[in-house]
Amino acid sequence: MSGVKQSIIRGELESLYFSGAHFVLRPLVGGVGAILALRHVRPPRSDRFQPNRMLEVTPDFFARMVRRLRRSRLDLISLDEMHRRLVEGDFKRRFVCLTFDDGYRDLREWAYPILKEAGVPFAIYVATSFPDRLGELWWLVLEAVIARNNRVGLIIGGRDRTFDCGTVAEKQALYDELYWWLRSRSTENEMRSLVRSLAAYYHVDIAAFCEELCMGWSELAELASDPLVTIGTHTVTHPVLSRLSQDAARSEMELSRSIIEAALAVRPAHLSYPYGDRGSAGKREFEIAAEIGFKTAVTAQPGVLFAKHKRSMTALPRISLHGDYQRMRYVRVLLSGAATTMWKGFRRGKAA
Ligand SMILES: [Zn+2]
């Protein structure tokens, strides 16, 4: 997302907050509950070039948010309990579910102690190639290549292209351009092989990101044994499901469930679509997830939950907690639903 777009959103959140609009709109758009989406929880880095910063919040912010939610009149519940409330229409109290995508080790190190102490249930959606150490966190490969070089060359449309990226602004612009160019390749294989050749040429070790950042099976097993934790699946290879064939998309979902069941002795009933934006998971994916028996599946499309979501349990919206909105008043506005209703269709944020 460009800086301009980001400041527009921030500006809109500010004006919503200060006008009190979120409070007025709340009965209309507040819904029955919300699912929060998080990825990394870790101390801030000082690097000026951090194109993926929006995927993380700090432990301090996270602790304050959990305290605030605990003091609120919202119930903090598991995905199974959310499913029950939606199915039975039990909306006596509004609720919030906390979910984490990808299965990063910083979740265990920084977020888990806070959640454990507060007795707050949460879900982890695991892409099984990550603990299997075969995963490709390609967005971090792209970040590393651009961070470490002042010029980056790539074959685009059969032509050699070279990009200057000596300054932070150039790096940021190039990252955005290449990220979306890669995401728009027509097949997953094409995108992956482009990233692999970038990594090879610029000596970036793809496998190292998984090893360093993602929990292994033994770490996941420890968390899975805690009744507060729900293990969900996030597919095997973390693909853009919409550009796979029907069979391949189905197999990504089914196989990841079997792998987790074999490794952790729990059969995941909940799914998170990789990326989760409109372009990567749609009607076809929602139907497959329902057909193969997931109780719920979540997108990254912004929104709060309403009673009507009982009929679209495998297409649930979430509220992403972005690194750029680490202020409690933003959380209050986001949870009120006013902001998500307003910017629906407007945002095109990167997700993972
Ligand atoms: Zn992800």
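Taking R0 as 22 Å, what's the FRET efficiency between Glu261 and Arg53 from their Cβ-Cβ distance, rounded to 0.05?
It comes out at approximately 0.05.
Counting only protein chains, not ligands or nucleic acids, how are Thr162, Thr230 ordered by accessible area (probe 1.4 Å), most first?
Thr162, Thr230
Accessible area of region 113-220 with a 1.4 Å probe: how many percent of it is carbon plus sulfur?
52 percent
Using modelled amide H (1.01 Å from N, peptide plane; none on Pro or chain starts), what sits under 5 Å from the amide H of Val126, excluding residues fewer than 5 places away?
Answer set, sorted by chain and number: Gly232, Thr233, His234.
Given a Förster distance of 41 angstrom, what is the FRET efficiency for Arg68 paired with Ile292, based on the Cβ-Cβ distance and rounded to 0.05?
Approximately 0.65, to the nearest 0.05.
Leaving ligands, DNA and RNA out of it, rank Glu254, Glu188 by accessible area with a 1.4 Å probe, largest first.
If we order Glu254, Glu188 from most to least accessible, we get Glu254, Glu188.
Starting from the Cα of Lys310, draw a straight line to each of the aspartates and glutamates and keep only those under 12 Å, dropping any in the same chain fewer than 8 residues away.
List returned: Glu88, Asp90.
Relative to the present Cα-Cα distance, how much length would full extension add between Ser312 and Trp181 at 0.36 nm per residue of separation?
Contour length minus Cα-Cα distance gives 44.1 nm.
What does the extension gain come out to for Ile156 and Glu212, with contour length at 0.36 nm per residue minus their alpha carbon separation?
17.1 nm
Round to a whole number: what % of the accessible area of region 251-330 belongs to carbon and sulfur, probe 1.4 Å? Don't skip to the answer; put the middle values down first.
Working: 1490 of 2950 Å².
Accessible surface attributable to carbon and sulfur in region 251-330 totals 51 percent.
When the solvent-accessible surface of protein heavy atoms is calculated with a 1.4 angstrom probe, in what order do Trp139, Trp181, Trp110 fall, highest first? Kindly include the intermediate steps, with their values, before the conclusion.
Details: Trp139 5, Trp181 45, Trp110 90 Å².
The ranking, largest first, comes out as Trp110, Trp181, Trp139.
Leaving out ligands and nucleic acids, and using a 1.4 Å probe, what accessible area per residue does region 233-294 come to in Å²? Don't jump to the answer; show the numbers that get you there.
Working: 2360 Å² over 62 residues.
Ligands and nucleic acids excluded, the result is 38 Å² per residue.
The values are calculated or read from the model by the stated rules, or taken from the named source; none is laboratory data. Bear in mind that the values here come from a model prediction, so they are computed numbers and not experimental data. No Cβ is skipped: glycine too gets one built from the backbone with ideal geometry, and neighbour counts run over all protein chains shown. Note: areas computed on protein heavy atoms with side chains; ligands, DNA, RNA excluded. Shrake-Rupley method; radii C 1.70, N 1.55, O 1.52, S 1.80 Å.
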